[in-house]
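Worksheet: the structure to be examined is printed underneath.
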Amino acid sequence: MATKLFLRLHSFPLTTSTLHANLIFPRKHSLPKPLSVHLFSASSSSSSSSSQALTQTRIPDPTLSYGPSLHKGYTPEPQQHEQEDSIIDEQDFTRVFDLAALRVPAKDCFALEKRLRGHLLNWPRIRNIARVPGDEVDPELVNLLGDRDEEPEEDLVSLERRIYGKAEGDGDVLSPVLYREKLARTFNSRGYVKFRNLAKISRPTKKKRRIKDEGEEAARGEGMRGIGKNEIALVEIVEEEEEGGDLKGLLGDEFEGRVRKWTGPTRLLLLDERYSGRKVEDLPEAIKVGLKEDMKKSPKSTFELVRCKLTLFYNYWQMNEILEAMLPKHIIVPSAFETVGHVAHLNLREEHLPYKNLIAKVVLDKNKPKIQTVINKLEAIHNDYRTMQLEVLAGNHSLVTTVVENGMRFHVDLATVYWNSRLATERQRLLNRFTRNDVVCDVFTGVGPIAISAAKIVKRIYANDLNPYAVEYLERNCVLNKVERKVEVFNMDGRRFIRAIFASEKAKGITQVVMNLPNDAAEYLDAFRGIFRGRPKNGDFTFPLIHVYGFSKAQDPEFDFHERIRIALSEVAVDVEMHRVRLVAPGKWMLCASFILPETVGFA
């Protein structure tokens, strides 16, 4: 039965003889003991068919590509724990890989890493240096114990001088406890006589981390007790028991049968996966030469070749790797989604709908804490308010979020208003065409992504939308971004708004008009016919530059959209500048047409 041990002080030695005496694999033993080591790393029910599809083998498959994969390695022994009602069992995605590692002194690990970099593990998100918990030693303690080659009497003398306070004048530094007592005795009405390390002494201790609930600790299992929520990997050093005296009664259970000499802090250099089953004589000469050179510089350095187990948990694997393993092979794995604040907006195909909850759970797990809600659009937009029928698949059910774009903050409720983050680049392109002398009229403004951003540039903004909820959020966002004095808000139909605004005195200063309603904007262009009728042609007014958006499925989308504009304006001679915004669907383009309103249309 294998048990887990953590490295403690005086637990495991490093031999101090020759290189070949040190570089040995532990012999096979009936009771291997895994030693837990944490890495320096960032950070629908799972059906039986999907679990069986993952290869669980200890023998490396040469046909598989380099690096970690759910089709490589093997799964650990199942642990009994209370599994919560979850779509995914995270333990099904735990994979164990057999590796070899060099255990070296901590002070030599970085120099050896540079020499052996081509032969070390090069897996994504995995550091090739592993720290051994419980193996850290205070540098002062190392100096206290002194050099191994020194006589033990000298170490005892130095230790006695520090313990009994006889080290202040003979070169040894007084221990912190004794120095604090001495400092306290020197306190008088003028304060402390000396202030060495006074800041460290008077600094309050840090608050201890909150202890997790016992139920959560028990649910994670005894074997997972050293693994945090966000940890992605764990290394276990497989050690073998050595014959020795039984110190259980003296030092406790963890020191049973281990009479070993203290060696100081060590690190593990994880070797490449192709060296996992090799012995010392089978290692490349480059590794041997690197170790010999380091031993020449540091004769007291010791090395040990150990066998390790690298365990990769659910948090390590990427979203596409999890979905590829769980979805049927004939289904395309969804890899892209739109992000609106804390909401991930999916557009799933019909083939994905039976697995929509599974996909949403993986998207939520792999994008926390930025993503807190995952939604899916049920059908296309057909209503006048441009709102979508959405379904919350995972996370909280709040669709009110905050979006930051072009340095502006926008409050958005996706259940009642329209927002498309994929048009951020197009909105920025349009903003670059505005100047400080412009007066802009935004006919279909929504919550104000163009109007509010343009308010920082232009003189004045006239923003309109038919949706009363969008107008409410538009007013909030104007106050939030401190542009309420430059934005005048209207709530009316787009055609009525165009006729009303150009019939007033405000029409004289309007220089640009934005019509961002791709589905119907071209149909509203007839409202510009005759907007200057009844005014003298030599009057003081300008013909605005109009930016109108639309969709086209034609083979020549620019020509098709141009024809629709000329039909709406009832004008043949219209000089239009076309711009392809993005491909919305296969064969369907979103276009932006920019043109100056013809004089014949304005006075029609």
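Does Ala415 meet the test of being over 25 Å from the mean Cα position of the chain (by Cα), surrounded by 13 or more Cβ atoms within 10 Å (Cβ to Cβ) and of a type in the set (Gly, Ala, Ser)? It is true that Ala415 is over 25 Å from the mean Cα position of the chain (by Cα), surrounded by 13 or more Cβ atoms within 10 Å (Cβ to Cβ) and of a type in the set (Gly, Ala, Ser). Would you be able to say whether some residue in segment 307-322 is within 27 Å of Lys377 (Cα to Cα), among the hydroxyl-bearing types (Ser, Thr, Tyr) and at pLDDT 90 or above? For segment 307-322, residues within 27 Å of Lys377 (Cα to Cα), among the hydroxyl-bearing types (Ser, Thr, Tyr) and at pLDDT 90 or above: absent.
Only residues that are open to solvent by less than 10 Å² (accessible area, probe 1.4 Å) and either among the hydrophobic types (A, V, I, L, M, F, W, C) or more than 20 Å from Phe434 (Cβ to Cβ) (or both): list them for segment 532-544, please. Selection gives Phe532 alone. For segment 515-531, the count of residues that are at pLDDT below 90, open to solvent by 50 Å² or more (accessible area, probe 1.4 Å) and part of a helix (DSSP H, G or I) is zero.
Beta carbons closer than 7 Å, at least 6 apart along the sequence or on distinct chains, pair a first residue in segment 440-469 that is closer than 15 Å to Gln428 by Cβ and of a type in the set (S, T, N, Q) with a second that is outside any helix (DSSP H, G or I) and open to solvent by 10 Å² or more (accessible area, probe 1.4 Å) for Ser453/Asn406; Ser453/Met408.
Quick grid of which residues meet (1) in contact with a helix residue (DSSP H, G or I) (Cβ under 6 Å, 6 or more places away or on another chain); (2) of a type outside the set (A, V, I, L, M, F, W, C); (3) not in a helix (DSSP H, G or I):
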position: Glu281; (1), (2), (3): no, yes, no
position: Ala286; (1), (2), (3): no, no, no
position: Thr302; (1), (2), (3): yes, yes, yes
position: Cys308; (1), (2), (3): no, no, yes
position: Asn315; (1), (2), (3): no, yes, yes
position: Ile322; (1), (2), (3): yes, no, no
position: Ser335; (1), (2), (3): yes, yes, yes
position: His345; (1), (2), (3): no, yes, yes
position: Val363; (1), (2), (3): no, no, no
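Residues in segment 428-458 that are crowded, with 19+ Cβ neighbours inside 10 Å and among the charged types (D, E, K, R): Asp438, Asp442.
Could you please let me know if Thr387 is in contact with a strand residue (DSSP E or B) (Cβ under 6 Å, 6 or more places away or on another chain) and either surrounded by 18 or more Cβ atoms within 10 Å (Cβ to Cβ) or not polar (S, T, N, Q) (or both)? It is false that Thr387 is in contact with a strand residue (DSSP E or B) (Cβ under 6 Å, 6 or more places away or on another chain) and either surrounded by 18 or more Cβ atoms within 10 Å (Cβ to Cβ) or not polar (S, T, N, Q) (or both).
The values are calculated or read from the model by the stated rules, or taken from the named source; none is laboratory data. Because the structure is predicted, anything quoted here is derived from the model rather than measured. Please note: Cβ atoms are built from the backbone with ideal geometry, for glycine as well, and neighbour counts cover all protein chains shown. To get the accessible areas, we keep the full protein, side chains included, count just its heavy atoms, and leave off ligands, DNA and RNA. Shrake-Rupley method; radii C 1.70, N 1.55, O 1.52, S 1.80 Å.
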